[in-house]
Each structure stands twice: as C-alpha cells, then as structure tokens.
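The next block holds one structure in the form of structure tokens; read it before the comments.
The values are calculated or read from the model by the stated rules, or taken from the named source; none is laboratory data. What you see is a predicted model, and the numbers here were worked out from it, not measured in a lab. Backbone-built Cβ (ideal geometry, glycine too); neighbour counts: all protein chains shown. In case anyone asks, the SASA skips ligands and DNA or RNA and just uses the protein heavy atoms, side chains included. Shrake-Rupley method; radii C 1.70, N 1.55, O 1.52, S 1.80 Å.
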Amino acid sequence: MTKLLELRDLSFGYDKGSPPLFEHLSLDVSTGEFIVIRGPSGSGKSTLLRLICRLNTPRTGAILFKGRNTAEIPPPELRSKVTYVPQIPQMTEGTIRDNLLLPFSFVRGRQRTAPDDVTLERMLEAFYLLGVGLDQSAMKLSVGQKQRLSIMRAILIGPDMLLLDEPTSALDAESASMVFSIVERLNSEEDKTVLTVTHSDYQPAVPQARSCIFRNGTLECAHESDH
Amino acid sequence: MNQIIEISIPQLLLALLFILIAQATSLVYKLGLNRDITVGTIRTVSQLFLMGYALTFIFGAQNPWLTLGIFVIMVFSAVFIVRGRVKEKQISYEIPTFLTMLSSYFLTALFVSWLVIGVEPWWEPRYFIPTAGMVIGNSMSALAISIERLFSQMRQQRDVVEMKLCLGANYKEASRDIFTGAVKAGMIPSINAMMGVGLVFIPGMMSGQILAGADPLIAIRYQIVVMFMLVGSTAMSTIIVTLIIRRRCFGESEELLLTPQ
C-alpha cells in the first residue's frame, strides 16, 4: 500500500513557554487504512488530528500528504483532501440541503459539480437518515443525526482521508453504531482512509484496521502484522 | 446676524446644576456613578479649556506642520480610546488601526476643507482641525464597535468558522458573515443619524454655528457636508480596519488563532 500521510518527528505545545504536549511523534498512514487512536482525555489525540489538517501548527517536525509537505499545500486544498469532522457536529442556519451544499459555495468547492436532490436523498438513506427531508431545518436534527449529516457533508467534497474526532462521544449506543457502520462502509467500499480518535473500546470490523494508544506524549501502534 | 453672547464664569458655574442633578440621581438610586461623573466633569472642563487655549494658539500660528501635528495627536488619542473599549489581548490591532485612521481621516478632512468648502490654504486650522475632529470622534466609536464585534463573534462562532475551514473554505469565506456583521454594526449609528438629523435632533456643529450667529441656511449646508463626510469616513475606516484585523485573526495556514476565553 502507498503512503498517504507521514508524520515526521512532530512536537506541539499550546503556549511558547509551556512544556510540549508531545514530542518526536511519528506515524505513517497508508492509503485505505483504518486507524483508531485511543488514549485518556487531554493526552493530545484531538490535537494530533487538528495538526494534520493544520487547524493548529506544530512547533517542530513535518507532515507529508502524498509526499508533499502540508505546509506547502494551500489550506483549502489540504482540508478538502484530509477532512476533519469535529466532535460536536456544527450546522448553519438553513435547510439540510443548504448545509450539505455549503462546501460548494466556497471557491474550492465550486470546482466540483454540486450533487442534485436525487443523489442527496439516496445518500441520506445510506447514512441512516431515511425520512429526513432536504427542506427540513438542520438545526432541529438530533445530535446523532447531525453527526451523520456532518460525515455525509465531508464525504461530498471527495476527501481521500477522514479525520474523526471522538465521533460518537455525544451519541447513544444505537447512533454510535450507525456512525461506525457508515465509516467502516466508507473505508471498505469507497476506499476512504480513516483516522479516528476515541476513548471508547470500539474495534473496527474491517481487515485493514490498526490500533494505536496515545499515552504520556507517545504514540504506540500495533504493527501491521499484528492484525 | 447677532453677535455671540459671551458666557461669564458665574454663568458657567450655574451649568454645574445639571451635574448636581446627575450626582443626586446616582446617589438616590445607588448607581455607583458618582466618581465617574466627578472625573468626567473635571476632565470635560480641563480638556476643553486646554483645547480652547491650544486652538487659539494654533489658529494664530498659521503653521501647516503644527496643524498636522495636532491632527496626528488627535488620531493617536483616538486609538487609545478604542483600545480602552476593546478588551482584546491575543491579537494586536493598534498599529493598523492607527495607520488606517491617519490616512483615511486625513483624506476625508482634506477633501472636505479643500474641495467641498474650498478653504485656501487647505490646512487652514480653523476649518481643518474641527473637520478632522468630527471625523475622528464619530468614526472612532464606529471602529470600536466593529472591532469589538469582530473579536467577540470570532470567538463565539469559533466552531462554525473551523467547520467551514475544514470543508475547504478560505479564511475570508469562513468568516464572511462575521465580517459583514461587524462592519454593519459600526456603520449603522452614522446611517441612523442621517435618518434623524433635522427631525429628531439638531446636530452639535449646526447648533454651534447658529448660536454663534450664522445663517441657518448656511449652517445646514455645512451640516449636510458633515453628515455625508461622517458616513463616508466611517465606511472607509471600518472596512479597512476590519479587513486587516480579520486577517490577523488567522495564521499562515488560515487557522483561527483566537483561543476560547
């Protein structure tokens, strides 16, 4: 498998004078992999995802995406290819259609053709949002529905990789299993590389899954041969 | 036209009665404003007396560099007042605000005194300094509102801004609604003033001219120019300053730098 993402000797701390949250962190992610990073709260799991899509900047080290330093990739391009889905799903005022088509209103998104209503309705069904109308207000959805909608919106911009930050932490067991089922399907059927952080004991049911533990500023991953 | 009636010192002291009313109100209703009212009164009297003497000197000196020097000091003081109203520590905004105020207000005051009123020379302090003073005073409040709104909304809507960035928006697209909201908030008071002028209130400058014995029909012409000038200068300065500060809220990777407070 080809390398999609390479983290090289990363270190990060929030304030200049403060001790780093982590140092000398490295990780290789291959195309099509499904990586689950676990660790206690405050260990830096979410920060790692934010560094990858450059919502935060590392103190030292480099992140390569398809061999290119992410610092040299225009941010809208990088974030359309490596798309971060936050822990708490965010919707804007307006209908579900408005929210799903939001990325297509941006300069970057206008390079792609916006999906029509038939495509969107088919996707809603696949994301367990059957019976949810495109003209419905997005603000009135439950948190679980919003989370599925936000993953669907991320998929619409055609990313190579999804970064999921505690995607099920605010959800009940049923909604959580729906989200993981969707993500596993995106990984195995649409070849989307997935990097998710969680503090749950979720075990992905996909053959290309790899498990890592983030503890005391270090990241320990099971070897490829372990699964 | 009548000659202006001079206010003697005892007559001036009589006006303190209004301050006593304000003090009594604060005392009776426990507003806790007595100290501020006292400081405000002392500052009003001392600052205006100082200004009176300074203007007498400047008008007499007829020196363009002195006029411009006073203008720079006025803008500098305005930035300090804006800084007092905007409680932002993370992003610095004072230098771009100062430079924008300096250039846009200079152009506005120059345009009005030189081209609209037609003063010769353009820096004639009797026209240039009051014109600049009105522009600075009004736009300063507008700027403080816009800057404060920009920072507070950027923080409040941080998650929405980041969501848009993650969906491929550039920093301008991700903060477009916040930017327009901030500029509008700054501009609305001067637009509202255009709606109410002459109907709800008589502006200070026009009242001053009439009290000084000017023909009301001449005074209104000056006031019309002033109203237009204030809207224009407010629009120009709030848009430029808000654009510059918005860029400073984002880092090199177009990441939002403002952290939650």
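With respect to B:Gly118, determine if the residue is away from chain A (no Cβ under 14 Å) and more than 15 Å from the chain's Cα centre (by Cα).
Yes; evaluated as a whole, the condition is true for this residue.
Can you tell which of A:Lys3, A:Lys16 is under 20 Å from the mean Cα position of the chain (by Cα), open to solvent by 30 Å² or more (accessible area, probe 1.4 Å) and of a type in the set (Lys, Arg)?
Exactly one of A:Lys3, A:Lys16 is under 20 Å from the mean Cα position of the chain (by Cα), open to solvent by 30 Å² or more (accessible area, probe 1.4 Å) and of a type in the set (Lys, Arg), namely A:Lys3.
So, in the stretch B:90-111, of the ones that are assigned to a helix (DSSP H, G or I), aliphatic (A, V, I, L, M) and open to solvent by 10 Å² or more (accessible area, probe 1.4 Å), which residue ends up farthest from B:Arg248 (Cα to Cα)?
This residue is B:Leu110.
What residue, among those in the stretch B:124-149 that are open to solvent by 40 Å² or more (accessible area, probe 1.4 Å) and farther than 24 Å from B:Ile240 by Cα, is farthest from the other protein chains (Cβ to nearest Cβ)?
For the stretch B:124-149, the residue satisfying everything is B:Arg126.
Can you tell which of A:Asn99, A:Asn69 is at pLDDT 95 or above, within 14 Å of chain B (Cβ to nearest Cβ) and open to solvent by 20 Å² or more (accessible area, probe 1.4 Å)?
The match here is A:Asn69.
Looking only at the stretch A:120-149, count every residue that is among the acidic types (Asp, Glu) and either assigned to a loop (DSSP other than H, G, I, E, B) or open to solvent by less than 40 Å² (accessible area, probe 1.4 Å) (or both) and tell me the total.
1
I need the full set of residues from the stretch B:1-20 which are surrounded by 10 or more Cβ atoms within 10 Å (Cβ to Cβ) and not in a loop (DSSP other than H, G, I, E, B), in order please.
Of everything in the stretch B:1-20, those that are surrounded by 10 or more Cβ atoms within 10 Å (Cβ to Cβ) and not in a loop (DSSP other than H, G, I, E, B) turn out to be B:Gln11, B:Leu12, B:Leu14, B:Leu16, B:Phe18, B:Ile19, B:Leu20.
If a residue counts only when it is more than 26 Å from the chain's Cα centre (by Cα) and within 14 Å of chain A (Cβ to nearest Cβ), which helices (runs of 4 or more DSSP H) contained entirely in the stretch B:150-256 have at least 3 such residues?
B:158-166, B:171-174
What residue, among those in the stretch A:78-93 that are more than 8 Å from every other protein chain (Cβ to nearest Cβ) and open to solvent by 30 Å² or more (accessible area, probe 1.4 Å), is farthest from B:Val160 (Cα to Cα)?
A:Lys81
Between residues in the stretch B:155-174 that are within 12 Å of A:Met91 (Cβ to Cβ) and of a type in the set (Val, Ile, Thr) and residues that are surrounded by 24 or more Cβ atoms within 10 Å (Cβ to Cβ) and modelled with pLDDT of 95 or more, which pairs lie under 9 Å by C-beta distance while being six or more apart or on different chains?
B:Val160/B:Ala174
Going through B:Gly213, B:Gly198 one at a time, which residue ends up being on the phi > 0 side of the Ramachandran plot, open to solvent by 40 Å² or more (accessible area, probe 1.4 Å) and either of a type outside the set (Ser, Thr, Tyr) or in contact (Cβ under 8 Å) with a residue 40 or more places away in the chain (or both)?
B:Gly198
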